[in-house]
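Presented below is the structure to which this report refers.
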Amino acid sequence: TDFLRPEFTRMMEAVKNGIVDCIMVKDLSRLGRNYIEAGEFIEKICPFYGLRFISVIDGYDTATATSNNQLTASLANIVNDYYAKDISRKVTTAMQIKMENGDYIGNYAPHGYLKDPANKNHLIVNEETAPVIRQIYEWRAEGISYMGINAKLNEAGVPSPSQYKADHGIHTNNNKKPRTILWNKHAITDILCNIVYVGHLAQKKGSQCLYAGLPYHRTPADEWVVVKNTHEPIISEALFNKVQEINRLASETAKANSGKYDYLPKANNIYGKKFVCADCGAVIKLYRSISTKKDAAYFTYKCPTFSEHGKLGCTDR
């Protein structure tokens, strides 16, 4: 449904480098199902690169195409686009119904749970990882910071959610790194605000809709689909509520301190994503620190992995 596809991009690089001068597809839907982009590719991109395009089943060839062939190709692209959007509408409706019925539709179970072997849309407690979730909530209830919890888990050698998946043969975009994947603040904050751990489901936190022309985006909380008592809880409502209050107070304190040193200079990372750590490959970040007298700002490029995890995550260089 779009042209942002790894192999399509690789093919177009070959076109730009003069390696490929003809593209052949089974039918026009294999080129793409967005009729505007597909039409632009055939009518503008192909002539620009002197590229021949052939669609076998449609009997279309840019080298011999007549006005009738071009009209037929345009109509075929519109039909392909409509077909994709029709499927999108049906799938979106079906998923909405499943969520409203309290069915879990995520690809992977949240850390602390497993998908029920008897029903993949139902969550059951993972006795191996659930104690970690309880411990995280108990530490937070004691007032330990996100980074403090992060450090405790990493120092104890507790596998992070991504590392746990990798150790059990579940490969995702987040756990392909050759090194151990440590706990990070993002994972901790996500766990500490997720109502899944009290037996409820809050889904549709992110959404995209092809037929409505909506790209993937984070969904406002008032648009989430929330269904209560769908599975066994790992922690009590009382503990969850206590932690939410601690989180709220911490957030308010952070906001109060935000902008405190706005009178001092700021700077942007002029290297963007081109400046990476030679050890772990993370994009180097620019950090600002304030002098003791609060009268000057200093800027340092640091590896974010080392800044968060110390030598457990990366070397200090």
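The set of residues in the range 29-65 that are open to solvent by 20 Å² or more (accessible area, probe 1.4 Å), assigned to a helix (DSSP H, G or I) and either touching a strand residue (DSSP E or B) at 6+ places or on another chain (Cβ under 6 Å) or not acidic (Asp, Glu) (or both) comprises ARG30, TYR35, ILE36, LYS44, ILE45, PRO47, PHE48, TYR49. Between ALA187, ALA166, ALA156, the distinction of being crowded, with 17+ Cβ neighbours inside 10 Å and within 26 Å of PHE240 (Cβ to Cβ) belongs to ALA187 only.
So which residues in the range 278-317 are in a loop (DSSP other than H, G, I, E, B), under 21 Å from LYS176 (Cα atoms) and not hydroxyl-bearing (Ser, Thr, Tyr), if there are any at all? Result: ALA278, ASP279, CYS280, GLY281, ALA282, ILE284, CYS303, GLY313, CYS314.
Within the range 255-271, identify whether any single residue is under 23 Å from GLY157 (Cβ atoms) and surrounded by 11 or more Cβ atoms within 10 Å (Cβ to Cβ), and answer yes or no. No, the conditions are met nowhere in the range 255-271.
Please work out if ILE133 is part of a helix (DSSP H, G or I), at pLDDT 95 or above and not small (Gly, Ala, Ser). Yes; evaluated as a whole, the condition is true for this residue. When residues in the range 7-28 are screened for being surrounded by fewer than 11 Cβ atoms within 10 Å (Cβ to Cβ) and in contact (Cβ under 8 Å) with a residue 24 or more places away in the chain, 1 of them pass. The residue of the range 277-295 that is farthest from GLY310 (Cα to Cα), among those that are open to solvent by less than 30 Å² (accessible area, probe 1.4 Å) and of a type in the set (Gly, Ala, Ser), is SER291.
Looking only at residues in the range 232-254 that are of a type in the set (Ser, Thr, Tyr) and outside any loop (DSSP other than H, G, I, E, B), the one that is most open to solvent (accessible area, probe 1.4 Å) is THR253.
Scan ILE87, ILE97, ILE78 and give me the residue that is out of contact with any Phe, Trp or Tyr (no Cβ under 9 Å at 6 or more places or on another chain) and open to solvent by 60 Å² or more (accessible area, probe 1.4 Å).
Numbers: ILE87 fails: out of contact with any Phe, Trp or Tyr (no Cβ under 9 Å at 6 or more places or on another chain); ILE78 fails: out of contact with any Phe, Trp or Tyr (no Cβ under 9 Å at 6 or more places or on another chain).
When all the criteria are applied, what remains is ILE97.
So is MET95 touching a Lys or Arg at 6+ places or on another chain (Cβ under 9 Å), under 23 Å from GLU223 (Cα atoms), assigned to a helix (DSSP H, G or I) and at pLDDT below 95 or not? For MET95, the condition - touching a Lys or Arg at 6+ places or on another chain (Cβ under 9 Å), under 23 Å from GLU223 (Cα atoms), assigned to a helix (DSSP H, G or I) and at pLDDT below 95 - is met.
Among all residues of the range 134-152, there is none that is under 24 Å from VAL225 (Cβ atoms), open to solvent by less than 70 Å² (accessible area, probe 1.4 Å) and either of a type in the set (Gly, Ala, Ser) or within 23 Å of the chain's Cα centre (by Cα) (or both). Of the set (1) part of a loop (DSSP other than H, G, I, E, B); (2) closer than 30 Å to ASP116 by Cβ, all apply to VAL226 but (1).
Taken together, the criteria place LEU123 among residues that are touching a strand residue (DSSP E or B) at 6+ places or on another chain (Cβ under 8 Å), open to solvent by less than 40 Å² (accessible area, probe 1.4 Å) and in contact (Cβ under 8 Å) with a residue 24 or more places away in the chain. Apart from one condition, TYR104 fits all of (1) out of contact with any Leu (no Cβ under 9 Å at 6 or more places or on another chain); (2) within 30 Å of ASN229 (Cα to Cα); the exception is (1). For the range 213-231, the set of residues classified as of a type in the set (A, V, I, L, M, F, W, C), open to solvent by 50 Å² or more (accessible area, probe 1.4 Å) and in contact (Cβ under 8 Å) with a residue 24 or more places away in the chain consists of VAL226 only. Confirm whether LYS85 is charged (D, E, K, R), assigned to a helix (DSSP H, G or I), modelled with pLDDT under 90 and farther than 30 Å from TYR164 by Cβ. Yes.
The values are calculated or read from the model by the stated rules, or taken from the named source; none is laboratory data. Please read these numbers as outputs of a predicted model, since none were measured by experiment. Please note: Cβ atoms are built from the backbone with ideal geometry, for glycine as well, and neighbour counts cover all protein chains shown. SASA here: full protein model, heavy atoms, side chains in, ligands and nucleic acids out. Shrake-Rupley method; radii C 1.70, N 1.55, O 1.52, S 1.80 Å.
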